[in-house]
Structures are given as structure tokens and as C-alpha cells.
Ligand code: PAF
């Protein structure tokens, strides 16, 4: 007979072997995944979903970890969505590194990796789009017409396949997060949207799959973006609440940097993304810049440090 303590240790070992031994399933067909999810939901399992375009980094890993904490089953999708790229954007050269991504998902104990085929995921005669008006045409939407319509269309389609209880998005794409929350609310998707903190490199650069495009020199230039946001944070903490002063401070930091072109700097509220005059806890500072040919975004949400 095993003692209570020995039994406890044995059960713990079995549980950990179980977890390690569980093999991740890679699914390519939407209906195959949907069928399995419906069965799992019937047996009471909760589903966490991490939609991605691949080239996974620590930002994505933080979303997986949060989903693992919250839900019984974690589904991650990798799909470079052609509908969210403009004609002159980086759709063709977007990094596709499936072998590395699969390893990362296995290590992080993702249960289902959904890898739909880029050519057949949308029906040949696809005609249906989801668009969140107003919010989709400002800031990044102004510079990238049609981008958010592509994002909401693919996310709505993925939600209908994965049927998640919770879905996880990084706050680096702040506007995307707000738009998806609005879509879910307006169209009554029974899904909780969880925004997760920006993950940064050791020196402050916000992690992004597009950082892969940067040369060493460009990466140094790109750092100026997070540095300008840090300066803004310092000024706000010293009680500068005038949004135009903070705007000028950031502009000053970024304006004459060789190799960097500002797309926009916006100081807005965190619900409708409209300009504010006075900085408060509900303010977010959004920045988009080109470093060489690479478009990078970053932001500072004042609720992280203001009461
Ligand atoms: O943030 C992304 O990676 C994409 O926009 C998303 C949400 C996976 C939709 O293609």
C-alpha cells in the first residue's frame, strides 16, 4: 500500500506524463476541426483560441500560456490572411515558418493547431464580409484601406469554426483588439475577448513577426519608437496631461530620425479611438512608423500606470 504522500507524488507524475504525452493534432480542414470542437464542448470542455498568422514569437507564446491557464483546450490557428493585405503590402513575403511554429506549439502544449490551406480557406466565390464601421477607417485603417475589414472577416470565420469560449489577442495591435471587441459585442458572438500585454524584447522593442524584416541598423532605428513612448510616459508621470504637449514631445523624438518615417501619432480614448485633449487613465497613444520598408506599430495605454 502506498502512503498518502506517495500516492500524491505518483498522481502528480502521472498527470505530468499525461500532459507531456498528449499529442498536438494538426488539422487543415475547417469541418474536421469544427466537428471535434462540438464534441469537446458537449463533454463540457472550455475552448481557448489564439488566432495568428504564424512566425510565432514570445508575444504569441504569452497568449498561449494565458489560454492554457484559463481553458481546458487550446486551439491556435496559423493563416496568412490575404484579405487583410493591400495590393502593395507584404502578403507574399510574410514569413511562413511552419516547421518552427509547429515545434513551438508542441512545446507549449497547444491541443489543436489549425492550419487551413491559403488557397482554399475562402470559397472561390466568397462574397461575405464583416466590417466594423468608423473604427476600421481611422489610424491604421486610414493608411491601410480594407485591412480591418479583412481582419474582422477572417476572425469572424475562424470564430465560427473554432467556437471558442475565450479568444486571445495582443495589445500591440490595440486598434485590432478594440475592433474585434466591438464586432463581438455588436454581433453577439458568445465569446470573451482577452487583451494580453505587449511583450517587448530586452531593449524595449515591441515583438512583432515583422521585426524579422529589419536589418541590424534598422532595428536600432526602430527602438526609437518605444523610447519615444517611454519619454511620453515619464512626462505624463511628472503630471504633463496636455495631449498636445505629449504629441509634440513624441514628434520631436521621431521627426528627424534618419531611416524612420512617421505614419501617424494619435492620442486617443481607449474605446472609440477618438482624439483627446487631456491625458487620463483611459488614454492610449498609438504610433505607426516606417523603418525602411517595414511598417511598425506600438502603443502606450495609460491605464497601465495612471489611476
Ligand atoms: O493579429 C494577427 O496576427 C492577425 O491580424 C489575425 C488576428 C490572426 C487575423 O488574421
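Read-outs throughout are calculated quantities, based only on the coordinates presented, and are distinct from any laboratory measurement. Treat the numbers as computed from the prediction; the structure is a model and nothing was measured. Ideal geometry is used to build each Cβ from the backbone, glycine not excepted, and the neighbour counts take in all protein chains shown.
Convex hull over the Cα atoms of the range 156-290, averaged projected area in nm²?
So the mean shadow area of the Cα hull is 9.5 nm².
Can you tell me how much longer the chain between residue 212 and residue 160 gets when fully stretched, taken as 0.36 nm per residue apart minus their C-alpha distance, in nm with one decimal?
Full-extension gain reported as 15.6 nm.
Take every DSSP beta bridge whose two residues both sit in the chain, then give the antiparallel share in percent to the nearest 5.
Bridges in the chain are about 50 percent antiparallel.
Roughly how far apart, in whole Å, are the Cα centres of the range 179-219 and the range 29-97?
14
Once you put a point 7 Å from the Cα of residue 133 and another 7 Å from the Cα of residue 41, both along the Cβ direction, what distance in nm separates them?
The two pseudo-label positions are separated by 2.9 nm.
Any chance you could run the full-extension gain for residue 72 through residue 234? It's 0.36 nm times the residue separation minus the Cα-Cα distance, nm to one decimal.
54.2 nm
For the chain, take the longest principal axis of its alpha carbons; what is the angle in degrees between that and the long axis of helix 243-254, to the nearest 10 within 0 to 90?
Tilt of helix 243-254: around 90 degrees.
Spin-label point model (7 Å from Cα, Cβ direction): what's the residue 97 to residue 143 distance in nm?
For residue 97 paired with residue 143, the spin-label model returns 2.4 nm.
Using a ≥ b ≥ c from the Cα gyration tensor of the range 235-289 (square roots of the eigenvalues), is it rounded, prolate or oblate, where a/c under 1.5 gives rounded and otherwise the larger of a/b and b/c decides, a/b for prolate?
Oblate shape, in that a/c is at least 1.5 and b/c is the bigger or equal ratio.
Size of the chain along its principal axes in angstrom, Cα-based, largest extent first?
The Cα atoms of the chain stretch 71, 57, 40 Å along the principal axes, largest first.
To the nearest 0.05, what FRET efficiency results for residue 257 and residue 90 with a Förster distance of 30 Å applied to their C-beta separation?
About 0.85, to the nearest 0.05.
Starting with the highest mean, order 297-305, 98-106 by the number of other Cβ atoms within 10 Å, averaged over the residues of each peptide.
Descending mean neighbour count gives 297-305, 98-106.
Once the Cβ-Cβ distance between residue 109 and residue 28 is put in as r, and R0 is 25 Å, what FRET efficiency do you end up with, to the nearest 0.05?
Given R0 = 25 Å and the Cβ-Cβ separation, E is 0.75.
Mind checking the angle between helix 216-237 and the chain's longest principal axis? C-alpha axes, 0 to 90 degrees, to the nearest 10.
Compared with the principal axis, the helix lies near 80 degrees.
Please give the FRET efficiency for residue 280 paired with residue 200, using the beta carbon to beta carbon distance and R0 = 22 Å, rounded to the nearest 0.05.
Step by step, r from the Cβ atoms, then E = 0.40.
Kirkwood Rh, Cα Rg: Rg to Rh for the range 28-102?
We get a ratio of 1.04 for the range 28-102.
Using label points projected 7 Å from each Cα along Cα→Cβ, tell me how many nm separate residue 57 and residue 244, to one decimal.
Result: 3.6 nm between the two label points.
Against the longest alpha carbon principal axis of the chain, how many degrees, from 0 to 90 and to the nearest 10, is the axis of helix 174-186 turned?
Taking the Cα atoms of the chain, the angle to 174-186 is about 60 degrees.
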